[in-house]
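Enquirer: Here you go, one structure.
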Amino acid sequence: KILVTGALGQIGSELVTKLRETYGKDNVIGTDIKKREDHNDADGPFEIVDVTDYDRLFEVSKEYEVDTIMHLAALLSAKAEAIPKKAWDLNMGGLVNALEVARELDLQFFTPSSIGAFGPNTPKDDTPQDTIQRPTTMYGVNKVAGELLCDYYFARFGVDTRGVRFPGLISYVTPPGGGTTDYSVEIYYEAVKNKAYISYIGEGTFMDMMYMPDALNAIIQLMEADGSKLVHRNAFNISAISAEPEDFAKAIQKYIPEFKLDYDVDPVRQEIAESWPNRIDSSAATEEWGFKAEYDLDKMTKDMLAQVEAKFQK
Ligand code: VAH
């Protein structure tokens with residue numbers, strides 16, 4: 001049985017659905033700080049949990065007799081820069097609580113890191129699995145500290161912790177909240193609605209990206225991998241696409257020829273984006289647990305546009 005925190009977020013909402021399809025709906029307990037208005041108990045168990053409340057997280061994990069925690073509750077990069085102390089309290093307070101529950105109840109543990117765990121003096125192209133990590137954002141500090149904390153709980157207490165450094169994730173079910181890479185989701189919605197988009201990330205700014213189906217498959221594949229074969233644990237570089245705004249525009253124009261991309265750069269998010277790599281090297285994940293992305297930019301764009309158009313038809 002798996003408990004997911006941040007179950008209403010961009011990743012969590014789709015991860016819960018995918019896990020329920022894979023392992024059975026009653027074996028996946030979604031938790032978040034609030035319930036959706038249209039929550040339906042028939043979809044599977046859901047509990048209100050604030051991850052900064054250790055006792056509540058422990059109580060729910062024990063009550064449902066889970067054997068795995070997938071901890072996704074966090075503030076993303078741009079939001080964390082706006083309220084850094086709150087980001088520290090949630091991102092680190094929530095993580096250490098989840099790790100403590102995993103230690104107390106001997107649970108397998110997953111939490112994502114991010115390309116945001118790298119900083120300006122990290123090699124930007126083919127960024128190695130093991131390299132310098134001196135991020136210049138509160139989010140990045142949280143992610144590096146989180147990686148080290150998860151490795152500590154494995155080395156010191158034997159908790160089976162595993163994680164991936166996610167690139168920007170593109171999805172059509174739940175919008176991202178407060179990320180730097182969110183432009184890569186907005187551009188598809190605006191393309192369908194207005195055949196135009198004004199990007200807050202500047203031309204020529206490359207970042208790693210991935211379609212949500214690949215991200216969900218990676219989580220399940222990593223968690224089901226033979227632990228004795230893992231050289232690394234927290235956290236694996238994984239990416240599918242390295243792209244700048246013009247690349248998204250060209251891919252969209254194959255379906256919407258009149259699509260127009262303009263720029264109104266947001267200095268805060270531009271600075272964050274420029275501190276991150278252009279393209280990371282995923283070879284350790286491929287070698288150690290068979291990571292392989294299915295969606296490149298064209299295949300993602302085709303599906304994303306179709307799915308977003310379908311949403312607008314409803
Ligand atoms: C963000 N989407 O922009 C998240 C992610 C790699 C980016 O961490 O903050």
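Enquirer: Out of 31, 68, 22, which single residue is open to solvent by 30 Å² or more (accessible area, probe 1.4 Å) and of a type in the set (S, T, N, Q)?
Expert: Step by step, each of 31, 68, 22 is checked, and only 22 is open to solvent by 30 Å² or more (accessible area, probe 1.4 Å) and of a type in the set (S, T, N, Q).
Enquirer: Residue 56 is checked against (1) surrounded by 18 or more Cβ atoms within 10 Å (Cβ to Cβ); (2) of a type in the set (D, E, K, R); (3) in a helix (DSSP H, G or I) and fails just one. What number does that condition carry?
Expert: (1)
Enquirer: Somewhere in segment 242-256, is a residue in contact (Cβ under 8 Å) with a residue 40 or more places away in the chain, within 14 Å of the ligand (Cβ to nearest atom) and outside any loop (DSSP other than H, G, I, E, B)?
Expert: Within segment 242-256, one or more residues are in contact (Cβ under 8 Å) with a residue 40 or more places away in the chain, within 14 Å of the ligand (Cβ to nearest atom) and outside any loop (DSSP other than H, G, I, E, B).
Enquirer: Something else: Report, ordered by the first and then the second residue, all pairs with beta carbons closer than 9 Å, sequence separation of six or more or different chains, a first member in segment 187-211 that is closer than 14 Å to residue 252 by Cα, and a second member that is open to solvent by 10 Å² or more (accessible area, probe 1.4 Å) and small (Gly, Ala, Ser).
Expert: 190/196
Enquirer: I've got another one for you. Determine which single condition residue 279 fails, assuming it passes every other condition in (1) open to solvent by 40 Å² or more (accessible area, probe 1.4 Å); (2) more than 16 Å from the ligand (Cβ to nearest atom); (3) more than 16 Å from residue 302 (Cα to Cα).
Expert: The one condition residue 279 does not meet is (2).
Enquirer: Here are some residues: 186, 190. Which one is modelled with pLDDT of 95 or more, of a type in the set (Asp, Glu), more than 15 Å from the ligand (Cβ to nearest atom) and more than 16 Å from residue 293 (Cβ to Cβ)?
Expert: Selected residue: 190, the only one of 186, 190 that is modelled with pLDDT of 95 or more, of a type in the set (Asp, Glu), more than 15 Å from the ligand (Cβ to nearest atom) and more than 16 Å from residue 293 (Cβ to Cβ).
Enquirer: Output the residues belonging to segment 76-106 that are more than 27 Å from residue 221 (Cβ to Cβ) and open to solvent by less than 30 Å² (accessible area, probe 1.4 Å).
Expert: If the condition is that a residue be more than 27 Å from residue 221 (Cβ to Cβ) and open to solvent by less than 30 Å² (accessible area, probe 1.4 Å), then 78, 80, 87, 92, 93 are the ones that fit.
Enquirer: Here are the criteria: (1) of a type outside the set (A, V, I, L, M, F, W, C); (2) part of a helix (DSSP H, G or I); (3) touching a helix residue (DSSP H, G or I) at 6+ places or on another chain (Cβ under 7 Å); (4) within 28 Å of residue 168 (Cβ to Cβ). Tell me which single one residue 86 does not satisfy.
Expert: Answer for residue 86: the failing condition is (3).
Enquirer: Quick check on this structure: which one of 202, 178, 158 is away from the ligand (no atom under 16 Å from the Cβ), surrounded by fewer than 20 Cβ atoms within 10 Å (Cβ to Cβ) and not β-branched (Val, Ile, Thr)?
Expert: 158
Enquirer: Of all residues in segment 205-229, count the ones that are within 11 Å of the ligand (Cβ to nearest atom) and not in a helix (DSSP H, G or I).
Expert: Looking only at that region, the number is 4.
Enquirer: Identify, from the list 270, 253, the residue that is open to solvent by less than 40 Å² (accessible area, probe 1.4 Å) and out of contact with any strand residue (DSSP E or B) (no Cβ under 8 Å at 6 or more places or on another chain).
Expert: Every option except 270 fails the conditions.
Enquirer: Next question. Does segment 6-19 include one or more residues that are part of a loop (DSSP other than H, G, I, E, B) and surrounded by 23 or more Cβ atoms within 10 Å (Cβ to Cβ)?
Expert: Yes, because at least one residue in segment 6-19 is part of a loop (DSSP other than H, G, I, E, B) and surrounded by 23 or more Cβ atoms within 10 Å (Cβ to Cβ).
Enquirer: Still on this model: Take residue 62 and tell me if it is more than 23 Å from residue 234 (Cβ to Cβ), in contact with a helix residue (DSSP H, G or I) (Cβ under 7 Å, 6 or more places away or on another chain) and surrounded by fewer than 19 Cβ atoms within 10 Å (Cβ to Cβ).
Expert: Taking the combined requirement at face value, the residue satisfies it.
Enquirer: While we're here: Starting from segment 164-178, keep only residues that are basic (Lys, Arg), then list their pairs with residues that are surrounded by 15 or more Cβ atoms within 10 Å (Cβ to Cβ) and modelled with pLDDT of 95 or more whose Cβ atoms are within a distance under 6 Å, requiring at least 6 positions of separation or different chains.
Expert: Between residues of segment 164-178 that are basic (Lys, Arg) and residues that are surrounded by 15 or more Cβ atoms within 10 Å (Cβ to Cβ) and modelled with pLDDT of 95 or more, the close pairs are 165/113; 165/114; 165/115; 165/117; 165/235; 165/237.
Enquirer: Shifting gears a bit: Any residue in segment 65-83 that is part of a loop (DSSP other than H, G, I, E, B) and among the small types (Gly, Ala, Ser)?
Expert: yes
Enquirer: Looking at (1) within 16 Å of the ligand (Cβ to nearest atom); (2) within 18 Å of the chain's Cα centre (by Cα); (3) open to solvent by 10 Å² or more (accessible area, probe 1.4 Å), which one does residue 129 not meet, given that it meets all the others?
Expert: Among (1) within 16 Å of the ligand (Cβ to nearest atom); (2) within 18 Å of the chain's Cα centre (by Cα); (3) open to solvent by 10 Å² or more (accessible area, probe 1.4 Å), the lone unmet condition for residue 129 is (1).
The values are calculated or read from the model by the stated rules, or taken from the named source; none is laboratory data. This one's a predicted model, so the numbers in the text were calculated from it and none came from an experiment. Quick reminder, even Gly has a Cβ in these numbers, built from the backbone with ideal geometry, and neighbours come from all protein chains shown. Only protein heavy atoms, including side chains, enter the accessible area calculation; ligands, DNA and RNA are left aside. Shrake-Rupley method; radii C 1.70, N 1.55, O 1.52, S 1.80 Å.
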